[in-house]
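K.L.:
Please see the structure below; I have some questions.
The values are calculated or read from the model by the stated rules, or taken from the named source; none is laboratory data. Quantities reported herein were computed from a predicted structural model and do not represent experimental measurements. Neighbour counts are summed over all protein chains in view; Cβ atoms, including those assigned to glycine, are modelled from backbone coordinates with ideal geometry. Just so you know, the surface numbers come from the protein's heavy atoms only, side chains and all, with ligands and any DNA or RNA stripped out. Shrake-Rupley method; radii C 1.70, N 1.55, O 1.52, S 1.80 Å.
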Amino acid sequence: MKKARLQDTAFMTRAVHAGERVPPADFTPVATPIHPTVGFLYESIDDLDAIFGTSREGYVYQRYGNPTVAAFETAMAMVEGSQTAGAAAFAYASGMAGIHAALLAAGVRAGTAIVAALDLYGATYTLVRNLLTQLGAQAKMVDIADLAEVEAALADVRPVAMIAETISNPLLKVADVPALATLAHRHGAQLLIDNTFASPYLFNPLASGADYVVHSATKYIGGHGDVLAGVVITTVENRRKLYELNKLVGSILGPFEAWLALRGLKTLPLRMRQQCANAARVAGWLAQNPGIRQVNYPGLAAHPQHALAQKLMGERGYGGMLSFEMADAGQARVFRFMERLQLCLPATTLGDIYTLVLHPATSSHRSLSEAERQAIGIRPGLVRLSAGIEEVEDIIADLAQALGG
Ligand SMILES: Cc1ncc(COP(=O)(O)O)c(C=O)c1O
């Protein structure tokens with residue numbers, strides 16, 4: 001209904017249409033608006049038809065694209081793929097939805113194989129190891145730090161895809177992404193890198209040869225613990241495949257969440273700088289603590305892949321994540337330690353402005369069997385810490401009182 005005639009309509013009609021579809025004014029909002037609309041109107045239906053047919057860019061239906069979501073995707077393509085011509089980003093309802101989409105786009109089907117790092121976030125591990133194998137794909141788990149083992153697995157199962165985390169959850173192992181890309185491509189596989197722990201501020205896997213970069217944007221990109229989101233950034237060759245898949249599967253991000261994720265991204269470098277500095281200081285303090293058996297942090301000189309971390313991430317830092325094993329502690333002692341914390345929050349997420357502490361064996365890696373956790377090295381005394389942006393001396397004082405009591 002054209003706006004000029006609305007005043008002549010009945011109350012019920014005016015209630016539905018009034019205030020909507022106001023013509024654009026001569027200003028541009030400074031911040032991206034939220035567009036909670038499923039449909040889009042054009043003067044000519046030919047335009048709608050051209051957009052459906054992809055001969056013209058635009059929006060027709062939210063599952064195909066939405067301006068607020070597109071703003072977040074454009075921003076992610078620019079921060080994660082600026083060195084890769086034609087790189088494109090696609091936003092998802094969660095990190096897991098993004099990982100699933102990337103694996104499907106990479107060609108994982110019944111009868112194909114995947115090589116996966118043994119060290120993966122628990123849900124990713126279970127997705128690959130259980131769900132995808134139940135659907136008829138073969139999954140070969142490898143120690144991603146052992147390049148000879150990786151190459152042997154690639155030659156053995158001839159996978160369509162290989163998946164690893166830049167910095168692994170929760171043991172902080174570092175993947176040699178450039179070497180993995182060379183090996184994967186030599187054997188005809190595409191490389192998927194979960195870059196959640198590093199964030200685009202510390203490392204850009206596409207520039208090192210990865211084919212798909214995935215993020216749980218719930219973590220460092222959102223940064224404030226208020227939005228669940230995922231994003232996949234890929235090369236020009238794969239963008240069409242992901243787009244077509246999203247239209248069919250529909251595990252896309254909504255405009256409200258995209259707006260929060262986009263707002264979070266703006267302060268990523270500032271937060272990350274503080275989180276890297278805080279994590280480095282906490283890791284150093286824990287390493288001196290007699291109650292701690294082992295500290296896993298790539299920034300420590302004692303970390304087995306410290307030199308590799310330095311090569312990949314350079315001067316910017318080694319991330320805000322660390323894990324440590326309490327000496328002679330089982331689950332019960334870890335739980336009491338977590339309950340005694342006053343400032344650090346025992347919440348099941350990471351990458352927030354708050355310092356967060358988690359027990360991997362009963363949360364992030366709960367879906368694995370005891371034997372699988374043992375094989376990876378996730379023991380009952382292991383604690384994962386995500387450094388927030390608070391004053392680091394306050395974080396340390398809280399850890400000290402909780403460990404000491
Ligand atoms: C490394 C990593 N990748 C992926 C995910 C899944 O993300 P989401 O919870 O947004 O689905 C997580 C969640 O903790 C994670 O830690």
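K.L.:
Would a scan of the stretch 85-100 turn up a residue that is surrounded by 21 or more Cβ atoms within 10 Å (Cβ to Cβ) and in contact with a Pro (Cβ under 7 Å, 6 or more places away or on another chain)?
P.N.:
No, every residue in the stretch 85-100 fails to be surrounded by 21 or more Cβ atoms within 10 Å (Cβ to Cβ) and in contact with a Pro (Cβ under 7 Å, 6 or more places away or on another chain).
K.L.:
Here are the criteria: (1) without any contact (Cβ under 8 Å) to a residue 60 or more places away in the chain; (2) part of a helix (DSSP H, G or I); (3) more than 23 Å from P33 (Cβ to Cβ). Tell me which single one L260 does not satisfy.
P.N.:
(3)
K.L.:
Still on this structure, I have one more. Run D328 past the list (1) among the charged types (D, E, K, R); (2) open to solvent by 40 Å² or more (accessible area, probe 1.4 Å); (3) in contact with a Gly (Cβ under 7 Å, 6 or more places away or on another chain) and report the number of the one that doesn't hold.
P.N.:
Tallying (1) among the charged types (D, E, K, R); (2) open to solvent by 40 Å² or more (accessible area, probe 1.4 Å); (3) in contact with a Gly (Cβ under 7 Å, 6 or more places away or on another chain), D328 fails exactly one: (3).
K.L.:
Find the residue count for the stretch 361-379, including only residues that are part of a loop (DSSP other than H, G, I, E, B), within 16 Å of L172 (Cα to Cα) and either among the β-branched types (V, I, T) or open to solvent by 30 Å² or more (accessible area, probe 1.4 Å) (or both).
P.N.:
Residues of the stretch 361-379 that are part of a loop (DSSP other than H, G, I, E, B), as a first pass: 363-369, 377-379.
Those still in the list that are within 16 Å of L172 (Cα to Cα) too: 364-365, 377-379.
Subset that is either among the β-branched types (V, I, T) or open to solvent by 30 Å² or more (accessible area, probe 1.4 Å) (or both): 378-379.
Selection size over the stretch 361-379: 2.
K.L.:
If you check A217 against the conditions, is it in contact with a Leu (Cβ under 6 Å, 6 or more places away or on another chain), closer than 30 Å to I389 by Cα and open to solvent by less than 10 Å² (accessible area, probe 1.4 Å)?
P.N.:
Numbers: in contact with a Leu (Cβ under 6 Å, 6 or more places away or on another chain): no; closer than 30 Å to I389 by Cα: yes; open to solvent by less than 10 Å² (accessible area, probe 1.4 Å): yes.
It is false that A217 is in contact with a Leu (Cβ under 6 Å, 6 or more places away or on another chain), closer than 30 Å to I389 by Cα and open to solvent by less than 10 Å² (accessible area, probe 1.4 Å).
K.L.:
Testing T348 on (1) closer than 30 Å to L206 by Cβ; (2) in a helix (DSSP H, G or I); (3) within 16 Å of the ligand (Cβ to nearest atom), one condition comes back false. Which one is that?
P.N.:
Status for T348: all satisfied but (2).
K.L.:
State which residue is nearest to the chain's Cα centre (by Cα) when the search covers only the stretch 71-115 and only residues that are at pLDDT 95 or above and of a type in the set (S, T, Y).
P.N.:
Here the residue is S94.
K.L.:
Right, another one. Cβ-Cβ under 7 Å, sequence separation 6+ or interchain: first residue in the stretch 117-134 and closer than 14 Å to E165 by Cα and among the polar types (S, T, N, Q), partner assigned to a helix (DSSP H, G or I) and within 11 Å of the ligand (Cβ to nearest atom). Which pairs?
P.N.:
T124/I99
K.L.:
So, one more: Please work out which residue is nearest to the ligand (Cβ to nearest atom), limiting yourself to the stretch 88-146 and to residues that are assigned to a loop (DSSP other than H, G, I, E, B) and of a type in the set (D, E, K, R).
P.N.:
D119
K.L.:
Considering only residues of the stretch 156-173 that are over 20 Å from H100 (Cβ atoms) and touching a Ser or Thr at 6+ places or on another chain (Cβ under 7 Å), which is surrounded by the fewest Cβ atoms within 10 Å (Cβ to Cβ)?
P.N.:
L171
K.L.:
I've got another one for you. What single numbered condition from (1) at pLDDT below 95; (2) open to solvent by 20 Å² or more (accessible area, probe 1.4 Å); (3) touching a helix residue (DSSP H, G or I) at 6+ places or on another chain (Cβ under 9 Å) fails to hold for L118?
P.N.:
(1)
K.L.:
From V16, V30, V22, V38, grab the single residue that is touching a strand residue (DSSP E or B) at 6+ places or on another chain (Cβ under 9 Å) and open to solvent by 50 Å² or more (accessible area, probe 1.4 Å).
P.N.:
Of V16, V30, V22, V38, the one residue that is touching a strand residue (DSSP E or B) at 6+ places or on another chain (Cβ under 9 Å) and open to solvent by 50 Å² or more (accessible area, probe 1.4 Å) is V38.
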